[in-house]
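First up is the structure itself, then whatever we jot down about it.
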Amino acid sequence: MRPFLEASRAGNIAMNPGVIIRLIIFFATVMLLLALIGWTAHASWRRTGELHGQLSAEQWKSFQIADHLQQSILSLNNMILRYAAYRDSADWTNFYVASTELGHWINEQQPILSLQKERPFLDQINLAYSDYLAAATAINTKIYATHQSITRVVEFTDLEKQSKRILDLGIQLSEAHQQSIDLFQSQITRSLNILRYGLLVSLALLFIVGFWLAIVVYRELIAPLRVQLVESRQLVERQEKLASLGMLAAGVAHEIRNPLTAIKAWLYLQQKHLTRGTPAFADAELIGGEIDRLERIVKDFLQFARPSDPQFTVISAEQPLRDAQKLMKLELEKSKIKLVLAEGEQAQIRVDPQQIKQVLINLVQNAADSIEESGTVTLRARRDEKWLDDRQMDVVILEVTDTGKGIPPEDEKRLFDPFFTTKDFGTGLGLPIAARIVEKHQGALQYQTQPGFGTTFGIILPLHKP
């Protein structure tokens, strides 16, 4: 719908519910994205700290186990060699205490190692250590039984074999730990990358939402406000022109009416002396018709310049439509145009019935003039919600719809300009007068047109609520 009263759109622009809903959605989305970004950043820092601490702990555990195992085995080897050399029972006692402590220590490491690949090596170390103790016990038994030099090569070879086995397993434990650490680091990298990507995606979404908001604000607020500013300036200029034009029209109409009345009276007197059917009488009738047309133009001038105040009364919304149909139906049928009153919604309006009927008659006549051969003009009353007086309210729309040729785009810009007309004998004041009447009823006159298919004019009036 194209509004004539452009000023009524200002409230629509400032308080458009669609814009408010979009802004609410935007701010909710921004808050959600900011929360997501904050959570992602916090989770990244926390996870980085946890993984760093866990990685440091895991590195220290395995290397500590391997180092302690190596030092303990070498210390036990020294004890057993000293015992074999000096045959001092105190050395064996020290070896026994130290080997027992090492065995307990090996058993205690099983739950400490959390990496899956390390535990089998610790089980093998435990078995190898049992064989190592068995070899050491065999040496002790031989020394105790012979009290002389023993065949060291055989006995120490077995001990050295088990000792080397344990040390090799310790090295393998370190290597397995390094492989697990590499795998652990790759998992850390992947986890941090996921968090990093989540942060980047959140920032990208925030940028997209911000860009979307800029588009919405420009399209829904800035651009319409710029248009509204231009239209407001044009409206002020138009009102100033109309005011000046109204004063001029009132003065001209007043000056023309007096001599026009005298001419009409003189013509009436002259017609009494003329014979009907003569050329002189036909000329007098032609002059009389032109005088009537001038009087009608003068009347339109005065009505446009000084529209009378409406005498408000509460009526049914269909009443002025029915009155207009009764007055215009027979005349339109002569031109093969149907004037139909469609069934509408029951509603009441507070208007001046005569003025609203005048507006409807003007709209119906314009609709009929737009139909070239035959067609239909439909009258309808319906309820709706529209912005009037900078607020949304319940309204009644009195519609006049035709099946004519529509309004050309080049004519739309000047449609409500005074004295603009596309008719051969029109004054161009019908729509401006209709718009001013509707304006005095705190309403708006709007239209919707499609060239080749027809036009719908709507008189928007506040709904009267008892």
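For the reader, a short list of remarks on this structure follows.
- Test set (1) within 35 Å of the chain's Cα centre (by Cα); (2) in contact (Cβ under 8 Å) with a residue 40 or more places away in the chain; (3) more than 18 Å from LEU332 (Cβ to Cβ) - GLU399 fails condition number: (3)
- Check on ILE315, out of contact with any Leu (no Cβ under 9 Å at 6 or more places or on another chain) and either assigned to a loop (DSSP other than H, G, I, E, B) or farther than 15 Å from GLN365 by Cα (or both): yes
- Condition check for PHE425: modelled with pLDDT under 90 and at negative phi: yes
- Residues in the range 304-314 that are at pLDDT below 80 and either touching a strand residue (DSSP E or B) at 6+ places or on another chain (Cβ under 9 Å) or open to solvent by 50 Å² or more (accessible area, probe 1.4 Å) (or both): ARG306, SER308.
- Subset of the range 329-354 (residues that are open to solvent by less than 20 Å² (accessible area, probe 1.4 Å) and part of a helix (DSSP H, G or I)): LEU332
- Options VAL377, VAL400, VAL438, VAL395: the member that is more than 23 Å from LEU339 (Cα to Cα) and of a type in the set (A, V, I, L, M, F, W, C): VAL395
- Taking first residues from the range 80-94 that are touching a residue at least 12 places away in the same chain (Cβ under 8 Å) and partners that are of a type in the set (Lys, Arg) and buried (at least 16 other Cβ atoms within 10 Å of the Cβ), the Cβ contacts under 9 Å between residues at least 6 apart in sequence or on separate chains come to ASP91/ARG82; ASN94/ARG82.
- Given (1) within 24 Å of VAL351 (Cα to Cα); (2) in contact with a Pro (Cβ under 8 Å, 6 or more places away or on another chain), number of the condition PRO418 does not satisfy: (1)
- If you go through the range 371-408 and keep only what is surrounded by fewer than 19 Cβ atoms within 10 Å (Cβ to Cβ) and not in a strand (DSSP E or B), you end up with GLU372, GLU373, SER374, ASP389, ASP390, THR403, LYS405, GLY406, PRO408.
- Test result for LYS326, surrounded by fewer than 18 Cβ atoms within 10 Å (Cβ to Cβ), part of a helix (DSSP H, G or I) and modelled with pLDDT of 90 or more: yes
- Within the range 349-365, residues that are closer than 12 Å to LEU339 by Cβ reach no partner that is part of a loop (DSSP other than H, G, I, E, B) and not charged (D, E, K, R) with beta carbons closer than 7 Å at six or more positions or on different chains.
- The range 272-298, subset charged (D, E, K, R) and under 15 Å from LEU260 (Cα atoms), residue most open to solvent (accessible area, probe 1.4 Å): ARG296
- Each residue in the range 420-466 was checked for being over 35 Å from the mean Cα position of the chain (by Cα), farther than 21 Å from ASP394 by Cβ and open to solvent by 30 Å² or more (accessible area, probe 1.4 Å), and 10 pass.
The values are calculated or read from the model by the stated rules, or taken from the named source; none is laboratory data. In this text, all values refer to a predicted model and were calculated from it rather than measured experimentally. Note that each Cβ is placed from the backbone with ideal geometry, even for glycine, and that neighbours are counted across all protein chains shown. These area figures cover heavy atoms from the full protein model, side chains too; ligands, DNA and RNA do not enter into them. Shrake-Rupley method; radii C 1.70, N 1.55, O 1.52, S 1.80 Å.
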